[in-house]
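Undergrad: Below are the structure tokens for one structure; questions will follow.
Derivation of every value follows stated rules applied to the coordinates shown; laboratory data play no part. The model shown is predicted, which means the values in this text are computed figures rather than measured ones. We place every Cβ from the backbone using ideal geometry, glycine too, and count neighbours over all the protein chains shown.
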Amino acid sequence: MPDGVLINGKGPYRYNTMLVPDGIDYETINVDPGKTYRICVHNVGVTTCLNFRIQDHNLLLAETEGYYTSQQNYTSLDIYVWQSYSFLVTMDQNASSDYCIVASARFVNLSLWQSVTGVAVLHYSNSKGKEAGSLPDPSNDVYETSFSLNQAMAIKFVPVPLFLLIFINFFVFLNWKLVTVLLRKTYRICVHNVGVTTCLNFRIQDHNLLLAETEGYYTSQQNYTGLDIYVGQSYSFLVTMDQNASSDYYIVASARFVNQSLWQSVTGVAVLHYSNSKGEAAGSFPDPSNDVYDTSFSLNQAMSIKFVPIPLFLLIFINFFTGLLSAFIIKKLYFGRHAFATLSFVCEIFIFLYVGMDVLDMEKWRFVNRRYGSYVKALSSMRVLQACANLKAWELSARF
């Protein structure tokens, strides 16, 4: 059993002289009458569900776990470990006294856990006295979970309106509208899926997409006619304008793994316009993958993407060369031997952090199928060369 429940890191208000010793620092929340406040409550414990309530005040639930909810009033709410809730609380009482804010343990023997109760004070600016009376009661079903479950099931999430989802998913392409390009030029096109629910298939009519980069990492260059882009993913393509410009071409982003008959209207379309184009875009949209609900095409596509790591010898060379160069430059500035040694040491630290940490990035090794031993060898080689650079630097400083 814990010693107590803290509210904002402070102990309980002395609501009962028998249970709470004197001299404990407690939390006081100052409010103005008539105003509405948003109160965020997080249960950061590790074992115990807490019941949260404010004496004589309703809790209007507005948000939980980052999602807005339909607004419902509660007199108290069970908050499980690591759950979070936001309430709107209106200060509508007469302020004849202060009010208690309570967080007490649930599904425990209350006779044993009475002292383990977090209590803070809600203080109106025009309050006429200290808190009076007993604490507000929690649910009576101490061991029965039905009250808590019914409460949880009563919480309704407010979905983002469909038109807003569509706008979020496709605003990049809707803003594009018309992209003017020159014949035989190659352009880098960056595509981000900034939606919240839907995978998109991106394609350009009669053009190949040469994948060059994803999530900040260069890839081996492969051609795709269309690519599935999941929520939060980003890709950069090199697209060569090699068509005859008899007309404009469609740029399409359509939803994947959905009922196409229902989602046909939910498609982002822009126009790729050659500067010497002879007419508007014509024909049907380029087709996405035919496996609407089968994920194999998308998975095979993802697995075919190969990352291109920076060659190890290049990392080591940069580290070694930069160390020598910094030593030479600093010495040429005639800062003196001690200043040179200090600045050289500082430069070496930053060089190691910038270049060396790439070698320590185990995620990169996983992608390029290297083994842990390769990493150890590479790191050892780099450190040996750094030591050589340091010795050479000290030799240069000794000559001067």
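Undergrad: Kirkwood Rh and Cα-based Rg: tell me the resulting Rg over Rh for region 1-86, rounded to two decimals. Kindly include the intermediate steps, with their values, before the conclusion.
TA: Numbers: Rg = 14.4 Å, Rh = 14.7 Å.
Rg/Rh for region 1-86 comes to 0.98.
Undergrad: Right, here's the next one. Work out, step by step, the length gained on full extension between LYS156 and TYR187: first 0.36 nm times the residue separation, then minus their alpha carbon distance; give nm to one decimal. Intermediate results must be reported in sequence, preceding the final value.
TA: Values: separation 31, 0.36 × 31 = 11.16 nm, distance 4.64 nm.
Length gained, LYS156 through TYR187: 6.5 nm.
Undergrad: Out of every Cα pair in region 28-154, what percent are spaced more than 17 Å from each other?
TA: Numbers: 4661 of 8001 pairs.
The calculated P(r) of region 28-154 puts 58 percent of pairs beyond 17 Å.
Undergrad: Using a 10 Å cut-off on Cβ atoms, rank the peptides 32-38, 250-256 from the highest mean neighbour count down.
TA: Numbers: 32-38: 11.4, 250-256: 23.0.
Ranked by mean Cβ neighbours within 10 Å, highest first: 250-256, 32-38.
Undergrad: Oh, and also: Once you have the Kirkwood Rh of region 215-273 from its Cα pairs, apply Stokes-Einstein at 4 °C and 1.567 mPa s and quote D in µm²/s.
TA: Details: Rh = 14.2 Å.
Rounded to a whole number, D works out at 91 µm²/s.
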